[in-house]
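All remarks here apply to the structure that follows.
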Amino acid sequence: GSDSVGIRVTSGMLHHPGTRSSGAPLWRFMLRMDDQRRAVEEDSQQATAPDGFEAQGDGWYLHPKHMILWQSMTRAFYRFEESTQSVVEIPVQASVDKELKMTADASCVHRHEKFREDRHVIVRDLAKAAQALKMPIDHLAKPVALFAMYDGHRPAGSHAGKSHEEILELAPPTCAEFCARNFHLKLLPRLSDFKGPWSDTAVVSAMKESFDEVDADFLARPGNSLDGCSAVIALLTGSRLFVANVGNAVAFVGEETDSGDLRVTRATVVHTLATARETMRVTAVGAELCHDASGCQQVLCSPQQDDGKVETLHVSRALGNRSFKAAVKDKDKDKDPGEAEAVTPPTPLIATPDVSVTVLGPQHRALVLGCAELGGLPDTFVAEVLSKRHGRPRMACGALLQEAQRREVKGSLSTICVFLDWSPPPPVGPVQVAEPPAKKMRAEAGAQAKGSQVRCRTILVKHKGSKEPVDTVRGNKPVTRTLAEAERILVECLEEIENKKGPIFTQRCKAVSECNTCLKGGEMAGDLGWMSRGQYNHVVEAAAFALPVGHISDIVESDEGVTCCGGLRDDARVPEQGAVRDPCVTISALNTT
């Protein structure tokens, strides 16, 4: 039944018109659902919109600098096509970090022991470095790596009449060091600022702007540094390789042909007055040209200095070289500040690079960045070294520098070698159910226990920069050889071990090694015994534990030395058929640099 207030009783429960079975008014539930729906929509349209994108209405957002659209419903990026007056979705660059593995190292031969004119930078994981600097670039395709070579130089005519060593004492080189420490700090903020898809054009623009900014910062420093540097910088993101260069530093890209041979191509443009393009550019801005001391090569001439001297420079693009860029400021002195800022007179020497873009694939096997002197090496020789030393970047670097020295080139030498190893992409299939944590931990513990030791032999070659530059094997004689000479001895030993049969390792160990283990008898010469994890330097351990049985590793540099492991045996692996008889070969040159 019901009464006068409209309450009815059914099955012992009270109900009111407009209420649910709980007794709460229905309109409150509807209002709450509307609020939740609006919150979800605002979440999807505002909270997840990438930084820098401005709302345009109907779920569309625009990045005003890059002119890229983002749609909240599809969460995809688009660009506007003028020709068709429509938006086109931008494909996301795929990461290849599962398929592509890199091994990289560098080697240098400095002309002067006290001063280093050349510098190099290797950042194998730029995303990790960016995260540490609070400039995340996780939106870029993986892997992300940075390799840079700065080839220092100074103008001819500066400090005339003085030797190279005297010039270095009076004005130590600073440009290459400054650029090596600061270029990535100019590039990372630009890459981090935009969280959307980066087109080739956008990356090229970011690299050019970073070159110009680091150059401006160097020129703005107090002091009177007149030196400069050529530079070649490689940025890898996903399968795209960007190579930017100024001056005459060089880059080679090694590619495997259909016949299985390795062919190299140059990914850099030479910026000297030997090219018609650069000559036309510098003469168009009124540059003064002359010939070098040999009379064979055209060079840039600086404005006349206060002391009447004129300097010359062999490149038309470079970082630094203040005396060739200060003329712009001098012309602006008598101008109105506003006018000088609005129109900057062009200068013949610029720091804006040329940038090449290469889409990498499994056929690409190597990358080499080098100083100008390496540009004189034949492409066929570079390809031969990369093919013979594949997977051993330090040895490849040494071979290239030795050939440059054999050609009696002048100046410091430096190079970076990067080898690319591709594996098939992981199969796409159903996701496997993860093992229970306890079972997984037991499996991992068993795997670690199996490969907990390796057996090593060693050849040690010291140099005068070692912690203890004394040959304790041969009467405590002082060691006076340089690091480059010690490394050359190691390379020669490795080549003999690889090319000759018999107990060659034992022979070379007894003849060359400056480690007391070389005094052990017979095939035990150089034997370090069983090596456990955590017992030696982590870089050496990583190389030793990673090697297959019977193989020889690259020369690995650590804080304790330059090391090469080979002929490995551990307690988890059985020697391969036909493997080297020696349990392990480790070739070292102590190095404190």
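Specify which of the listed residues (Glu485, Glu514, Glu541) is among the acidic types (Asp, Glu) and farther than 15 Å from Arg457 by Cα.
Going through Glu485, Glu514, Glu541 in turn, the sole match is Glu485.
Residue-wise test of (1) farther than 21 Å from Leu360 by Cβ; (2) at pLDDT 70 or above; (3) surrounded by fewer than 24 Cβ atoms within 10 Å (Cβ to Cβ); (4) not charged (D, E, K, R).
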residue: Val144; (1), (2), (3), (4): no, yes, yes, yes
residue: His153; (1), (2), (3), (4): yes, yes, no, yes
residue: His159; (1), (2), (3), (4): yes, no, yes, yes
residue: Pro172; (1), (2), (3), (4): yes, yes, yes, yes
residue: Leu187; (1), (2), (3), (4): no, yes, no, yes
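Take Val368 and decide whether it is touching a Gly at 6+ places or on another chain (Cβ under 8 Å), within 30 Å of Arg281 (Cβ to Cβ), open to solvent by less than 10 Å² (accessible area, probe 1.4 Å) and at pLDDT 75 or above.
So Val368 fits the description; yes.
Here are the criteria: (1) surrounded by 12 or more Cβ atoms within 10 Å (Cβ to Cβ); (2) more than 30 Å from Arg488 (Cα to Cα). Tell me which single one Ala106 does not satisfy.
Here Ala106 clears every test but (2).
Give the residue, chosen from Gly411, Gly391, that is in contact with a strand residue (DSSP E or B) (Cβ under 9 Å, 6 or more places away or on another chain), within 21 Å of Leu236 (Cβ to Cβ) and at pLDDT below 90.
That would be Gly391, the only listed residue that is in contact with a strand residue (DSSP E or B) (Cβ under 9 Å, 6 or more places away or on another chain), within 21 Å of Leu236 (Cβ to Cβ) and at pLDDT below 90.
So which of Lys464, Lys510, Lys501 ends up being surrounded by fewer than 14 Cβ atoms within 10 Å (Cβ to Cβ) and without any contact (Cβ under 8 Å) to a residue 24 or more places away in the chain?
Lys501
Go through region 204-236 and count every residue that is crowded, with 19+ Cβ neighbours inside 10 Å, out of contact with any helix residue (DSSP H, G or I) (no Cβ under 8 Å at 6 or more places or on another chain) and over 20 Å from Asn248 (Cα atoms).
1
Mind listing just one residue for me: the one in region 513-538 that is modelled with pLDDT of 85 or more, assigned to a loop (DSSP other than H, G, I, E, B) and surrounded by fewer than 20 Cβ atoms within 10 Å (Cβ to Cβ) and, of those, nearest to the chain's Cα centre (by Cα)?
Lys520
Looking at (1) among the polar types (S, T, N, Q); (2) at pLDDT below 90; (3) not in a loop (DSSP other than H, G, I, E, B), find the lone condition where Thr103 falls short.
Here Thr103 clears every test but (2).
Could you list, in sequence order, all residues of region 263-291 that are open to solvent by less than 20 Å² (accessible area, probe 1.4 Å) and more than 29 Å from the chain's Cα centre (by Cα)?
Leu273, Val282 - these are the residues of region 263-291 that are open to solvent by less than 20 Å² (accessible area, probe 1.4 Å) and more than 29 Å from the chain's Cα centre (by Cα).
Return the pairs, sorted by first residue and then second, in which the second residue is among the acidic types (Asp, Glu) and open to solvent by less than 20 Å² (accessible area, probe 1.4 Å), the first residue lies in region 179-196 and is assigned to a helix (DSSP H, G or I), the beta carbons are less than 9 Å apart, and the residues are 6+ apart or on different chains.
Correct list of pairs: Cys179/Asp215.
Quick one: Val243 ticks every box in (1) in contact with a helix residue (DSSP H, G or I) (Cβ under 9 Å, 6 or more places away or on another chain); (2) surrounded by 24 or more Cβ atoms within 10 Å (Cβ to Cβ); (3) at pLDDT 95 or above except a single one, so which number is it?
(1)
Could you list, ordered by first residue, the pairs with Cβ atoms under 8 Å in which the first is in region 85-102 and in contact (Cβ under 8 Å) with a residue 40 or more places away in the chain and the second is of a type in the set (Val, Ile, Thr), at least 6 apart or interchain?
Here the result reads Ile90/Ile68; Gln93/Thr237; Met102/Val418, each pair linking region 85-102 to a residue that is of a type in the set (Val, Ile, Thr).
Looking only at region 542-575, which residues are in contact with a Lys or Arg (Cβ under 6 Å, 6 or more places away or on another chain) and either open to solvent by 80 Å² or more (accessible area, probe 1.4 Å) or at pLDDT 75 or above (or both)?
Passing the criteria: Asp554, Ile555, Arg569.
Can you tell me which residue in region 53-76 is least open to solvent (accessible area, probe 1.4 Å), limited to those that are in a loop (DSSP other than H, G, I, E, B) and on the phi > 0 side of the Ramachandran plot?
Ranking the candidates gives Gly59 first.
How many residues does region 368-422 contain that are out of contact with any Lys or Arg (no Cβ under 9 Å at 6 or more places or on another chain) and among the acidic types (Asp, Glu)?
Qualifying residue count for the region: 3.
Scanning region 202-258 for residues that are polar (S, T, N, Q) and in a strand (DSSP E or B), which turns out nearest to His139 (Cα to Cα)?
Step by step, filter region 202-258, then rank; the result is Thr237.
Any residue in region 494-504 that is modelled with pLDDT of 80 or more, more than 23 Å from Ala399 (Cβ to Cβ) and not small (Gly, Ala, Ser)?
no
Given the conditions (1) of a type in the set (Val, Ile, Thr); (2) open to solvent by 10 Å² or more (accessible area, probe 1.4 Å); (3) modelled with pLDDT of 80 or more, report the number of the one that Ile167 does not fulfil.
Every condition holds for Ile167 apart from (3).
Please work out which one of (1) at pLDDT below 85; (2) within 25 Å of Leu126 (Cα to Cα); (3) in contact with a helix residue (DSSP H, G or I) (Cβ under 7 Å, 6 or more places away or on another chain) is the condition Val92 fails and give its number.
The number of the failed condition is (3).
The values are calculated or read from the model by the stated rules, or taken from the named source; none is laboratory data. None of the values given here were measured: they were computed from a predicted structure. Every residue, glycine among them, receives a Cβ derived from its backbone with ideal geometry; neighbour counts consider all protein chains shown. Accessible surface is based on the protein model in full, side chains and every heavy atom, while ligands, DNA and RNA are left aside. Shrake-Rupley method; radii C 1.70, N 1.55, O 1.52, S 1.80 Å.
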